[in-house]
Amino acid sequence: MEINEQNLEALSTYLRKTLSPNGNERTEAEKTLKQIERNENYSSLLLTLCDRPATSDEIRRAAVITFKNFIKRNWPSLDESSSISVRDRNHIKEHIIDLMSRSPEHIQEQLSEAITVIGKCDFPEQWSTLLDTMIKQFQQQSSTSFQSISGVLKTAHSLFERYRYEQKSDELWSEIKLVLEKFAPAFTELFKSLMSYYPQKESDAVEMKNIFNSILIIVKIFYDLNAQELPEHFEDNIQIYMTHFLTLLSYDHPSLRSNNNDPGVLDQIKTEICRCIALYADNYSDEFKPYVQQFALSVWSLLTRLDLSPSYDELIGTAMKFLSTLAARSHHCSMFEGGDTLKTVCEQVILPNLFLRESDVEEFEDNPEEYIRKDIEKSDSATRRRAAYDFLQALCIFFESQVVQIYSQYIDAMQKEYLQNPTQNWLKKDTCIFLVLALASKGETQKFGITKTSSFISIPAFYTSSILPELQNPDVNSLPLIKADCLKFLIDVRSQIDRDALLVSIPQCVRYLSSNNIVVQTYAAHAIERLLLVRHPTDSKQTSITKTDLIPHAQTMYDSFFRILTSEKSYENEYVMRAVMRLSSALQDGILPYLNILIEKLVMILRRSSKNPNKPNFNHYLFETITVLIRTSVSQNATVLDQFEQILFPVFTPIFTDDIAEFVPYVLQIIGFLLESHQSTIPDTYRALFQSILIPSFWDRSGNIPALSRLLQAYIEKAGETIVLEKLTTVLGIFQRLVSQSKVHDHEGFAILNSLIVHLPNGCLNNYFKDIFIVIFTRLTKAKTQKLIRCIIVFFSYFVIKYGAQELINQIDSIQMNMFQMVVERLFIPELSKVNENEKKVCAVAVIHLLCDPQSMTSGNYCNSLWINLLQALLRLFESSNQLQTISVEERKKEAQEQAEEELLVGLDDTPDYTPAFSRLAFARKAPTDLFGSSIPDPRYHLAKCLHTLTTSQPNQFLSMMSNSLSPEHLSHVQQYCALASVTLM
């Protein structure tokens, strides 16, 4: 496509049609543009339209947005599928900066986004002129075109911003060094010129805004370039920057001020300056020390001038973070010592920001989900209240007794005012509770709440005197925000109050489930759920509250939970569903009387949620609860399996047929769990389902694969000789697909293969061995990963145990002569000790048999080259493992239950198996199995016995090898194992 008037006009016509209200016309135009975008000069035509003042603004805007989206889709690709030729790429990079600098702001913004995409792909190697072009723009601009400079600065910030968080590397530092050498000097000169120029334009509101928009981005870039380490350029020019930063912190201008809702550009600049000086105070304290006092005074002064307007929230939060940084550092904290400084900071800076504002109360009433998210989930880090909390805690590091003394009088006074008139002074009570938590907490975790407290404040005493009486108020609907505060206090301090206090609190929490307020209901449910996890002070494996304590309240709890979960306003409340799950788990066999009504309610909720599954956490806890009911009831009476299948399969079927992607992985896990629970012949319904899970398209969705793999393994275990053997080729095809095509899910393919090895009778796989080994070694050659190596070692171990060590050697060597030596040297010896803890026993036993059984290892060609090195690898495995000994089935079940509880202490997003597409059900987790049980209770003893047999038959050879080649430490270990196994090496 040539750049001529005819093509420009035609392109304008298509762009105009993309804005048409007629859907068909719009679709046709978009389709045409998609077809012609592969033509050379397409991008240049779009840029030409953006640059032509004669073109209507509507078309220019459409052209630039089309260009930006075109760049986003195609620039990162350099292969044949890319729609941008090398010639066009070079043309764009040559002209786009200049075009952006002279374009109107709305065009500039779109071009800046496109430049960012290009820069992230090409800078610096493929776009070496970028910095020079930007610097040239700085130098070419007249003093009246700061809007154009702002566009260039925005682009620079978008490119440099990753320096704030990217991990240090030689490549990154090479890039930063280049930027500092070329960009930083011109950047500093630009900042100086802007600071000297703006006083001349104070009467021109428009120009002042343009100038200060540029200064805002300059301060952001300053942070970008200083985030990793203090560069020499900025250390040399520190006085220039700090002097101007101080000026800007105290500067005011009517046209740059904030309004009630949005921060003005000047306050945004002050926010970014506070962020920069906090960085310097934290990381470059020696260089920053001469300026600390001035900035501290300036920030204090600033904080005392700002009111409660939401537009100042970020500025106040960032300013207090700077002061927190000073207070928490021993080399800066002395500035808070002199005279009444500490008292002034506590009373005039922190205390006013601890009070709830009207907007917070409105959010409590009108937007309970957002209030809960900020309060319980600690997503309020950007709020002024949280910043004040953090500042107060920072002051307590070095001045705890003084700070507690200052605030104690306020706590007492606010308590009295509240008691005199609760209806009028309830905000004082809220602040009092928040203040006590801030002063008392010295350590906190999501799992256990506050774990360490101040020696100057008694949490149990405050709870008994000020919180519990509030919770015991007969009216559950009075002062709902204070009730929520008290419940939240209980949640936070749950590990700091004794069992008796917890037992008294449980029925109070149950009462508040009937509150009319959603926040109070939710906090009551969350409190119950968290209290059930508090550990016994003398036995960390036991909870303080037992099933005996819960049974009297269970019926009321369940009634209240499901009343909330079936209400219009709170029917997908994840905290309530998690409380149902936790109560069901904590009751253990005490849940059996409620089983029928619970499963009926849960199925009803499942049917409702499946129509619109938009709450991932709620859905997860719903399926966990169903799993808890299955696990508990089946452990008491295996015959109830049939009842669960009759109830659940009809509701699961539509989930499959309607392909509800969010629910399918959960359903597959539960079906797998049900199938594993069968002890005898499985029902015919599973045979029909087996055909469905083998359909290739079912395995296309990544989120299905872990659950499908687990279900397929259950089929192999429970019906391997019947159902699975009929489709063995298809099952092996799934293994091949996962191992050959997916680095993410290859371990699932090996899990299926290992299950086939363990559960199918000897001979079933003989005809497939060669192909299986070729698949594995082909993948190893093409894409080796640490995970793949560990999977291969585990598979070889299962193979040895089932078919013998010599058969493994034969299979490997049949692919290539003496290939087994490479396998041992490159896989087993360096990687054996790195296998998963649950797999170490099977690997250890397999390696013992590799050492002691096959003739090629004990007297053949591999003996001298491999034997001693493989033994050393095995000894390293023993040293690295804590789980080699056999434990009972009951102990394994208990461990699995404890592991499930532990996983579900934290949020879903923090669990290792969580992805948006798949989340493993903790209560459906399969307990690790032990192939050997009592026959090999400890592989270390088994090694001793096998070595005894080997050295008895060949006494000189192996004793000599061990004596000459093992380290004294390893020899000592072998002798210990022999002594424990009551054998002597001959």
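The values are calculated or read from the model by the stated rules, or taken from the named source; none is laboratory data. The model shown is predicted, which means the values in this text are computed figures rather than measured ones. Virtual Cβ from ideal backbone geometry, glycine too; neighbours counted across all protein chains shown.
Residues in the range 623-639 that are modelled with pLDDT of 90 or more and not acidic (Asp, Glu): PHE623, THR625, ILE626, THR627, VAL628, LEU629, ILE630, ARG631, THR632, SER633, VAL634.
The criterion of at least 2 residues that are among the hydroxyl-bearing types (Ser, Thr, Tyr) and over 29 Å from SER635 (Cα atoms) is met, among helices (runs of 4 or more DSSP H) falling completely within the range 659-756, by 728-741. Within the range 517-546, how many residues are free of Cβ contacts under 8 Å to residues at least 40 places away in the same chain and within 29 Å of GLU362 (Cβ to Cβ)? Of the residues in that region, 1 qualify. Among the residues of the range 89-143, what is the count of those that are in contact with a Cys (Cβ under 8 Å, 6 or more places away or on another chain) and surrounded by 20 or more Cβ atoms within 10 Å (Cβ to Cβ)? Of the residues in that region, 3 qualify. Looking at this structure, is GLU171 farther than 15 Å from ASN213 by Cα and free of Cβ contacts under 8 Å to residues at least 40 places away in the same chain? So GLU171 passes the test.
Candidates in the range 710-739 are the residues that are among the small types (Gly, Ala, Ser) and modelled with pLDDT of 95 or more; of these, the one that is nearest to LEU921 (Cα to Cα) is ALA714.
The sole residue among ASP500, ASP559, ASP549 that is in contact (Cβ under 8 Å) with a residue 40 or more places away in the chain and not aliphatic (A, V, I, L, M) is ASP549. Of all the residues in the range 458-468, those that are hydrophobic (A, V, I, L, M, F, W, C), out of contact with any strand residue (DSSP E or B) (no Cβ under 9 Å at 6 or more places or on another chain) and crowded, with 19+ Cβ neighbours inside 10 Å number 2. Filtered by the rule that a residue be in contact with a Cys (Cβ under 8 Å, 6 or more places away or on another chain) and among the aliphatic types (A, V, I, L, M), the range 314-328 gives LEU315, ALA319, LEU326, ALA327.
Given the condition without any contact (Cβ under 8 Å) to a residue 40 or more places away in the chain and closer than 23 Å to LEU15 by Cβ, answer yes or no: does some residue in the range 115-130 qualify? No, because not a single residue in the range 115-130 is without any contact (Cβ under 8 Å) to a residue 40 or more places away in the chain and closer than 23 Å to LEU15 by Cβ. Checked against (1) under 33 Å from the mean Cα position of the chain (by Cα); (2) under 22 Å from GLU2 (Cα atoms), CYS121 passes all but a single condition, namely (2). The range 284-391 holds helices (runs of 4 or more DSSP H) entirely within its bounds, and those carrying 3 or more residues that are over 30 Å from GLY449 (Cα atoms) map to 285-305. If the condition is being small (Gly, Ala, Ser) and loosely packed, with under 15 Cβ neighbours inside 10 Å, then the range 272-314 contributes only SER301. Return the residue satisfying two criteria in turn: it lies in the range 45-73 and is at pLDDT 90 or above and of a type in the set (S, T, N, Q), and of such residues it is surrounded by the most Cβ atoms within 10 Å (Cβ to Cβ). That would be THR66. Does THR653 fit the bill of being within 19 Å of ALA922 (Cα to Cα), among the β-branched types (Val, Ile, Thr) and in a helix (DSSP H, G or I)? Here the answer is no, as THR653 does not meet what is asked. In the range 220-249, the residues that are basic (Lys, Arg) form Cβ pairs under 7 Å with partners that are in a helix (DSSP H, G or I), at six or more places apart or across chains, as follows: LYS220/HIS157; LYS220/GLU272. Residues of the range 813-831 include none that is of a type in the set (D, E, K, R) and buried (at least 20 other Cβ atoms within 10 Å of the Cβ). Provide a single number: the residues in the range 91-112 that are among the charged types (D, E, K, R), under 15 Å from VAL152 (Cβ atoms) and in a helix (DSSP H, G or I). The total comes to 4.
SER478 is checked against (1) assigned to a helix (DSSP H, G or I); (2) at pLDDT 95 or above and fails just one. What number does that condition carry? It is condition (1) that SER478 fails. In this structure, is LYS182 basic (Lys, Arg), surrounded by 14 or more Cβ atoms within 10 Å (Cβ to Cβ), at pLDDT 90 or above and touching a helix residue (DSSP H, G or I) at 6+ places or on another chain (Cβ under 9 Å)? Judged against the criteria, LYS182 is a match.
Taken together, ASP430, ASP380 contain a single residue that is at pLDDT below 95, assigned by the TED database to the domain that holds SER454, acidic (Asp, Glu) and touching a helix residue (DSSP H, G or I) at 6+ places or on another chain (Cβ under 7 Å), which is ASP380. Scanning the range 567-581 for residues being in contact (Cβ under 8 Å) with a residue 60 or more places away in the chain and of a type in the set (D, E, K, R) gives a total of 1. One residue stands out among those in the range 928-946 that are of a type in the set (A, V, I, L, M) and modelled with pLDDT under 95: the one that is surrounded by the fewest Cβ atoms within 10 Å (Cβ to Cβ), which is LEU931.
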